[in-house]
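S.K.: Before I ask anything, let me first share the structure, which is written out below as structure tokens.
The values are calculated or read from the model by the stated rules, or taken from the named source; none is laboratory data. Bear in mind that the values here come from a model prediction, so they are computed numbers and not experimental data. Positions of Cβ are backbone-derived with ideal geometry, glycine not excepted, and every protein chain shown enters the neighbour counts. Just so you know, the surface numbers come from the protein's heavy atoms only, side chains and all, with ligands and any DNA or RNA stripped out. Shrake-Rupley method; radii C 1.70, N 1.55, O 1.52, S 1.80 Å.
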Amino acid sequence: MGTRMEVAQLEERMNIEDYRKLQGLFLDSSGSPRSLSRTEFVDLAWSSVGRGSKEEYGLLFDSEEGRVDWGGLSSFLLQELSDKVKNSRTRSGPRWKPVRTLTCPHRDQVQKVLYLHSLGQYLTVSKGGTVCLRDREDMSLLHTHRLQNSTVTPKDLWVTDMVLLHNVHKIAVSFTSKEVCFYDILSHQDFRCKYKLQGLMFTPWCLDYWVDPSDPDQAVLTIGDIGGQVSALYFTSAQISLFERLNVRTDSDSADIIQWDELVRGKHRSCYTVTHRAHTPAWVRKVRYLGSLEAFVSCSTRPQSSVVIGWREKESRSLRVTSFFTKRGVWDMDHHRELNLIATAGVDHQVLLWNPCVISGPVCVLSGHTGPVTAVRFMQAEQQLISYSKDKVLCLWDISRQLCVHRLAGVFPKTQEDTHTLLFLHEEQHLLFLSFNSLLLLLERKEEKRSSSHDHPVTCVLYNSLFRQAVSSDSASSVICWRVDTGQKVKQFRRCHGNAEISTMALDGTQTRLFTAGADGEVKVWDFNGRCLHRMNAGLGRSVDISQVLLLRRSVLVMGWDRMFTVFRLHSFSQSYVEPSEWKGGVQHRSDVLCAAFQPPQTLLLGGADLVSCGGSGVVRLWNSAHSRLVGQFTAHNSDLGSIVMTVSPCGKYLVTADREGTLKTWDIQHYYLELHDGITEEPPKLLSSFHPHLDRVMHLETCLHGNRLLVLSASSDCSVALSYLRGDNV
């Protein structure tokens, strides 16, 4: 069902019978309790329970040493559950301003709400053809107009749907007179009708419009009708002309008449049609064209064709159809682009999530409504879902946790049971429009305070690739583990070094051991159950400022307060309290050693820069370590901001820098100074992005490869941890 939905941990997907099987593993043949090694537990659990992977069973008990019994495992699971309950309580849903009723001249039901980005205005249309334009800022009514359509008398005019053709500055409006009319919106004072598409077999009930983001000449208009037919009109030169002028025919509205039969027979070279009738005899309630899948999604209240996907066959204009079954059919549906999930609003009170490629059943059932669900809308950026039911209840769902995080009821007007309700979500403006027949309401989210990850300044952040978690520390000696997929807090260890600040952290090669360095002069080694395994006496009983812990193959180097390294040999870790070994390298620095990087021995020389450093005055320097030469330098941040921090991606292609104002910059260094030249270059590499995820000094940076995406983790004195894409978008 896609990477994003797999973030639900194994223990959340197991049922009571699975846990009984796990408990049975800890009884021997005589029924007496027994313990298991990690390997024994993983192999037996995986084969016995029959769900999940061996890696996931390994994560159920993340201690590499010793054995585990049922008491130890159940204690761990109970602690995990307790943490999740606490964290789910603190993660509240959105706060809404009081419901606002908008002045509305519509006398009949509102059929559609659109946002005209080019004009900065909202457009509504009613069943009777009245169009209203509203100001984006204060929602004041700017203009009212009645759409002209001479095909029918004004009293018989019935609008069924409307879509925005933003690439050609038009709207397409469908009517019960079995036609679709195209109106210009640049001259929005009169909405002049440009084309009339007539001769449709059935009344068009719903519309959708998609434009190729890389080529605005390529577009698709999809029509769903009351005969169960889904028809798509492919435009190949939309910005030049939607249709060709074959035999010019106009009506009293001066609109060009286009016959559907002409399009089907291929008379217009600028467009062609594809069709399927999988919903017959039910009405098609909603249609969407998914450009990423080259497929049409539609829904109906007929159980056998609740959801239908028409897949474009390669090098063909035919459609391969797959159908999804529900008990009582579907009123509405929506698609999440990144998760590739389809949400359906069920007549049977359920919201279902589907993988478009899996027709056997839904991947998730969201239960909570007590009436038929009539509308669903994804909040794409936040990976949440809004659903609305006939009993006037609005629910907000967290997709990753499959949990209702907010329920709004008792605030909507009392109306008759057959009231037509419409939802329009303008996610960028945090606005939700709801119509109840001719009544138009507005829900606006309150400004959220900038969230804090910690109660105190964050000092360090790491990425644990084994557990797929971010690990952060703060000045109050707390460590918090976060699930990267959702931002949910998984667990927290408090007072790791008493009241002493944690200055830096490191992970070992297995990713199962966490090293924390405290201002008390100790480095502690932890497992991810919060158990301290070793205490390393780095400061020899003194409080020292530890800036880095560097893990090598057979030793650990600690630095920051002396001109020499403090070294711990791994053979010394047989005891819980570990003393340092003698550093035999002598004093080579004139001042305290603050940081170090390790490069294994090589037989081939690197040609250009292979070492990057940064520090005061916002300057980044690049070095050739083989020749001990400075080869390049550039100013990454304003020199008045003082010292900066940086990190390099694991592939060595990207550099990320940050300053004390909370600004991050990403640089492309993959082609920067690959060959050694005379002199020092001061030309900066290509700047990919500059963004501002923090309000205060950035203390630590880390890049991580999560799934197939390179992400940036940043820790700041503003008490927050941020996860960003390389280009600067906030994850």
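S.K.: What angle do you read, to the nearest 10 degrees and between 0 and 90, between the alpha-carbon axis of helix 38-49 and the longest principal axis of the chain?
M.R.: On a 0 to 90 degree scale, this one is about 20.
S.K.: Report the calculated FRET efficiency for V152 and S689 (r = Cβ-Cβ distance, R0 = 41 Å), to the nearest 0.05.
M.R.: Efficiency at R0 = 41 Å is approximately 0.15.
S.K.: What FRET efficiency comes out for Y577 versus H677 if R0 is 41 angstrom and r is the Cβ-Cβ distance? Round to the nearest 0.05.
M.R.: Calculated value: 0.20.
S.K.: Further, regarding this structure: Using the per-residue mean of other Cβ atoms lying within 10 Å as a proxy for protection, in what order, highest first, do the peptides 572-585, 364-377 fall?
M.R.: Descending packing order for the listed peptides: 364-377, 572-585.
S.K.: Something else: Would you please give the residues with an amide H less than 5 Å from that of L403, counting only those at least 5 places away or on a separate chain, with H modeled from the backbone geometry?
M.R.: Result for L403 returns D398.
S.K.: Can I ask one more? With n ≥ 4 as the cut-off for DSSP H runs, can you work out [θ] at 222 nm for the chain, using -39500 (n - 2.57) per run divided by the number of residues, rounded to the nearest 500?
M.R.: On the way: 6 runs with 58 residues, N = 731.
Value at 222 nm, helices only: -2500 deg cm²/dmol.
S.K.: Calculated FRET efficiency, L594 and L551, Cβ-Cβ r, R0 22 Å, to nearest 0.05?
M.R.: 0.80
S.K.: Something else now. Rounded, prolate or oblate for the stretch 185-231? Axes are the square roots of the Cα gyration tensor eigenvalues, ordered a ≥ b ≥ c, and the cut-off for rounded is a/c under 1.5.
M.R.: Note, shape of the stretch 185-231 comes out oblate.
S.K.: Could you name the lysines in cross-link range of K314, using Cα to Cα under 30 Å and dropping any fewer than eight places away on the same chain?
M.R.: Cross-link targets: K267, K286.
S.K.: When the Kirkwood hydrodynamic radius is evaluated over all pairs of different C-alpha atoms of the stretch 102-141, what value in angstrom, to one decimal, is obtained?
M.R.: 10.3 Å is the Kirkwood radius here.
S.K.: Highest mean first, how do 296-308, 206-218, 95-107 rank when packing is the count of other Cβ atoms within 10 Å averaged over residues?
M.R.: Sorting 296-308, 206-218, 95-107 by mean packing, highest first, produces 296-308, 206-218, 95-107.
S.K.: Which distance in nm do the two modelled labels at L466 and R136 give, with both placed 7 Å along the Cα-to-Cβ direction?
M.R.: 4.9 nm
S.K.: A further question follows. Quick one: what are the phi-derived ³J(HN,Hα) couplings along the stretch 488-497, Karplus 6.51/-1.76/1.60 with θ = phi - 60°, whole Hz, x for glycine and proline?
M.R.: Rounded to whole hertz, the list is 7, 6, 9, 7, 9, 10, 9, 6, 4, 10.
S.K.: Continuing with the same structure: Got a number for the accessible area of R629? Probe 1.4 Å, square angstrom, nearest 10.
M.R.: 70 Å²
S.K.: Could you give me the ³J(HN,Hα) list for the stretch 167-175, computed from phi with Karplus coefficients 6.51, -1.76, 1.60 and θ = phi - 60°, whole Hz, x at Gly and Pro?
M.R.: 6, 10, 6, 9, 10, 10, 10, 9, 10
S.K.: For the stretch 237-392, what size does the Cα cloud have along each of its three principal axes, sorted from largest down, in whole Å?
M.R.: Cα extents, longest axis first: 56, 39, 35 Å.
S.K.: How much of the DSSP bridge set in the chain is antiparallel, in percent, rounded to the nearest 5? Could the numbers behind the result be given before it?
M.R.: Working: 194 of 201 bridges.
Once the DSSP bridges in the chain are tallied, antiparallel ones form about 95 percent.
S.K.: Quick check: the angle from helix 70-90's long axis to the longest principal axis of the chain, C-alpha only, nearest 10 degrees?
M.R.: Relative to the chain, helix 70-90 is tipped by roughly 50 degrees.
S.K.: When the chain is fully extended, how far beyond the present Cα-Cα distance does S30 get from A626, taking 0.36 nm per residue of separation?
M.R.: 208.0 nm
S.K.: Taking 7 Å along the Cα-to-C-beta vector as the label spot, tell me the S37-Y19 distance in nanometres, rounded to one decimal.
M.R.: Label at S37, label at Y19, 2.9 nm between them.
S.K.: In addition: Under 1.5 on a/c is rounded, so check that first for the stretch 394-511, then, if it is not, pick prolate when a/b is larger than b/c and oblate when it is not; a ≥ b ≥ c are the square roots of the alpha carbon gyration tensor eigenvalues.
M.R.: Here the stretch 394-511 falls in the prolate category.
S.K.: Computing the accessible area with a 1.4 Å probe over protein heavy atoms, can you report the carbon and sulfur percentage for the chain?
M.R.: Answer for the chain is 48 percent, counting heavy atoms of protein chains only.
S.K.: A further question follows. Taking the Cα centre of each part, how many Å lie between the stretch 333-374 and the stretch 609-635?
M.R.: 54 Å
S.K.: Using 0.36 nm per residue, how much length does the chain from T250 to N638 gain when fully extended, once their Cα-Cα distance is taken away?
M.R.: The T250-N638 span can extend by a further 133.2 nm.
S.K.: Could you provide, to the nearest whole Å², the per residue accessible area of the chain with probe 1.4 Å?
M.R.: On the way: 34180 Å² over 731 residues.
Value for the chain: 47 Å² per residue.
S.K.: Let me ask another. Beyond a 28 Å Cα-Cα separation, which of these cross-linked pairs lie in this structure: K112/K390; K196/K392; K489/K686; K327/K392?
M.R.: Cα-Cα > 28 Å for K196/K392; K489/K686; rest within.
S.K.: Roughly how many whole Å is it from the C-alpha centroid of the stretch 703-731 to that of the stretch 682-702?
M.R.: With the stretch 703-731 and the stretch 682-702 each reduced to a Cα centre, they are spaced 11 Å.
S.K.: What shape does the stretch 345-394 take by its C-alpha gyration tensor, where a ≥ b ≥ c are the square roots of the eigenvalues and a/c under 1.5 counts as rounded, a/b above b/c as prolate, and the rest as oblate?
M.R.: Verdict is oblate for the stretch 345-394.
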